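Inspection log for the structure reproduced underneath, given as structure tokens.
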Amino acid sequence: MRNERGVCSFVNSGLFDIQNIQIEIDCMIRIEIRKAEQFVDSSAYQKAKEGAAVALKQLRSGKGAGSEWLGWRRILSMPDEAELERIQTDAEVIRQDTDILVVCGIGGSYLGARAVIEALNGLRPDNKPEVLFTGHHMGGRDIEQLIDYLEKPRDDGEPKSVRVNVISKSGSTLETALAFRTLRQWMEQRYGEQVSERIFVTTGPEGGVLNRMVVDKGYRKYTIPEDVGGRFSVLTPVGLFPVAVAGIDIQTLFYGAASMYEKLEKSADELLQYAAFRYCMQDAGKSVDVIGSFDPELSAFTRWVQQLLGESEGKEGKGIFPVPAAYSTDLHSIGQMVQQGRRNLIETLLVVSAPTSSLKIAKGGGTSEDGLEYLDGKSFHEINYHALEGTVEAHLEGGVPVILIILERLNAQNLGELIYFYELFTAVYVYLLGVNPFDQPGVEEYKKAMYRKLGSRNND
Ligand code: PA5
């Protein structure tokens, strides 16, 4: 809702002084941290805020650890309009005759696309083409079921038109490679010589198996810039191509992120405060961050945040373990633990202020057989919002610092803003921990052990 001062205010209710949570029209994200600040030591907090400002400077100077991986900032400061248009145009063509796009990737090579598509699915005019994800596990049954589903004709009896987008920067990730081999063989049988028009490879600039296949088999290629790491790659073709094929406006998403980049280059006070706060929580021994949302559309987004934070901060014995939670569903499982278990938690809730649906509770026609007449005619959004407020109140009272990340509405612009906000937040906060946010040396350990057991020659 908009008031006479030209700013937006959220649902008019008491818990977070919501009448005071007002945002400028051009700023669609707000961090509500005030109630959580009671859990932080004020002098440590002050020091951490100063440290966060230094960390941001370090990042901007390009002299911090892992500074060869800052391409996620570069792409927004100097947008490649031609590439955005190429992706959009390719996607438009594909959309005309594709029933299913199978995206094959793991970690940063699929979580971002999935997060955006699931968040904005409700805005798509139809569910066409369907975008399915594989290559992020080695469950044979799931892959078998996917192939069976691809095999099954459409309702009109025609075979489904299938395209595949394999995404791997290294080109050598086992989960993705195995699923891709299985899919490729199916695609070759189904499409014969035309298969090369139906397989899209998103990989690093050079080297690796996928680049060889692009040359040998003539697959279409999108390049992941060398200086962008997997979990920071959603605004490269890694995320943009599947998102565009899903019919989501990638220009708005991308420029939403670019507008947040510009805003945060001018002033990042809230972000620094939040980074300092999380740092203090880590320092005080909090070891779990429950990252949840009452909007099911944001479930996949919480998993993207989980990877972005977890793989960036979890090094050298440091970090807060990020756990995604889908509320109110999970209030009926881990809610007990959040309320009364070990007090080693913080909680971050992603909130969408404007309704994503207008569905209302049907009126009971004067009867009260289910005792719900007090909710007659109310919208699901309003009830869900009160559930959020009740949960925040209860968890704060239970000793859990709760932070709200509030989006004005769920659309491509705001989601783009939120993506860049989280990327920058992660980099600054992890620098503050004194850790390189951009590598993931620990991930190699399971791979080495696995390859040894599998008898691979790559197990050094
Ligand atoms: O963030 C990262 O770098 C990782 O999660 C990678 O995205 C993931 O391991 C997949 O790697 P690749 O794209 O090389 O297959």
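Taking into account only those residues within the range 209-223 that are assigned to a helix (DSSP H, G or I) and open to solvent by 50 Å² or more (accessible area, probe 1.4 Å), which is nearest to the ligand (Cβ to nearest atom)? Spell out the reasoning first.
Residues of the range 209-223 assigned to a helix (DSSP H, G or I): 209-217.
Pick out the ones that are also open to solvent by 50 Å² or more (accessible area, probe 1.4 Å) and you get 209, 212, 215-217.
On the way: Val209: 11, Arg212: 15, Val215: 19, Asp216: 20, Lys217: 19 Å.
Filtering the range 209-223 for residues that are assigned to a helix (DSSP H, G or I) and open to solvent by 50 Å² or more (accessible area, probe 1.4 Å), the one nearest to the ligand (Cβ to nearest atom) comes out as Val209.
Across the range 166-188, which residue is modelled with the lowest pLDDT among those that are surrounded by fewer than 18 Cβ atoms within 10 Å (Cβ to Cβ) and within 8 Å of the ligand (Cβ to nearest atom)?
The residue in question is Ser172.
Suppose we filter Val428, Val435, Val402 for residues that are within 16 Å of the ligand (Cβ to nearest atom), hydrophobic (A, V, I, L, M, F, W, C) and touching a residue at least 60 places away in the same chain (Cβ under 8 Å); which single one remains?
Testing whether each residue is within 16 Å of the ligand (Cβ to nearest atom), hydrophobic (A, V, I, L, M, F, W, C) and touching a residue at least 60 places away in the same chain (Cβ under 8 Å) leaves just Val435.
Tally the residues that are farther than 30 Å from Glu206 by Cβ, among the hydroxyl-bearing types (Ser, Thr, Tyr) and assigned to a helix (DSSP H, G or I), restricting the search to the range 134-193.
So the answer is 1.
Return the only residue of Gly122, Gly105 being more than 16 Å from the ligand (Cβ to nearest atom) and touching a Ser or Thr at 6+ places or on another chain (Cβ under 7 Å).
Gly122
Per-residue answers, yes or no, for (1) open to solvent by less than 40 Å² (accessible area, probe 1.4 Å); (2) more than 22 Å from Phe301 (Cα to Cα):
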| position | (1), (2) |
| --- | --- |
| His332 | no, no |
| Met337 | no, yes |
| Leu359 | no, yes |
| Ala362 | no, yes |
| Glu369 | no, yes |
| Tyr374 | no, yes |
| Lys378 | no, yes |
| Thr391 | yes, no |
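From Arg163, Arg124, which residue is of a type outside the set (Phe, Trp, Tyr) and either crowded, with 17+ Cβ neighbours inside 10 Å or more than 28 Å from Leu415 (Cα to Cα) (or both)?
Details: Arg124 fails: either crowded, with 17+ Cβ neighbours inside 10 Å or more than 28 Å from Leu415 (Cα to Cα) (or both).
So the residue among Arg163, Arg124 that is of a type outside the set (Phe, Trp, Tyr) and either crowded, with 17+ Cβ neighbours inside 10 Å or more than 28 Å from Leu415 (Cα to Cα) (or both) is Arg163.
Only one residue in Glu206, Glu226 is in contact with a Pro (Cβ under 6 Å, 6 or more places away or on another chain), within 16 Å of the ligand (Cβ to nearest atom) and not in a helix (DSSP H, G or I). Which one?
Glu226
Which of the residues spanning the range 422-460 are part of a loop (DSSP other than H, G, I, E, B) and open to solvent by 40 Å² or more (accessible area, probe 1.4 Å)?
Gly434, Asp439, Gln440, Pro441, Gly442, Gly455, Arg457, Asn458, Asn459, Asp460
The values are calculated or read from the model by the stated rules, or taken from the named source; none is laboratory data. All values derive from a computational prediction rather than experimental measurement. Ideal geometry is used to build each Cβ from the backbone, glycine not excepted, and the neighbour counts take in all protein chains shown. Accessible surface is based on the protein model in full, side chains and every heavy atom, while ligands, DNA and RNA are left aside. Shrake-Rupley method; radii C 1.70, N 1.55, O 1.52, S 1.80 Å.
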